Amino acid sequence: MGWCFAGTAGEPGRTDEPLLGPLDAQWAGINQAAGVVSAQLNSTMTEAYLRLRVHAFLSGRRLRHVADDVLSGELRFVPDAR
């Protein structure tokens, strides 16, 4: 069984880091984190996924790492002041 890579080295936004663990387990953590963010923001799941993805992009981190931080309590989202 060969390695499954997240992308091609040298391409913008891509690395040659292998995907760690089964994809369904990684997505389960991301889905759970989206549920936590949805509760924190009192928002829809769509908004929660969007906020997770934006945070990952702006911080230059992988979505699964941001999700891990949410689940561990290291990262908390707060509603925008309106």
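The values are calculated or read from the model by the stated rules, or taken from the named source; none is laboratory data. Not measured: the values here are computed from a predicted model. Cβ placement follows ideal geometry from the backbone for every residue including glycine, while neighbour counts extend to all protein chains displayed.
General observations
- Filter result for residue 74 (surrounded by 12 or more Cβ atoms within 10 Å (Cβ to Cβ), at pLDDT 95 or above and more than 9 Å from the chain's Cα centre (by Cα)): no
- Boolean, residue 12 is of a type outside the set (Val, Ile, Thr), exposed (fewer than 10 other Cβ atoms within 10 Å of the Cβ) and at pLDDT 60 or above: no
- Among residues of the range 61-77 that are closer than 23 Å to residue 22 by Cα, those with a beta-carbon under 8 Å from a residue that is outside any helix (DSSP H, G or I) and among the aromatic types (Phe, Trp, Tyr) at least six positions away or on a different chain give the pairs 70/77.
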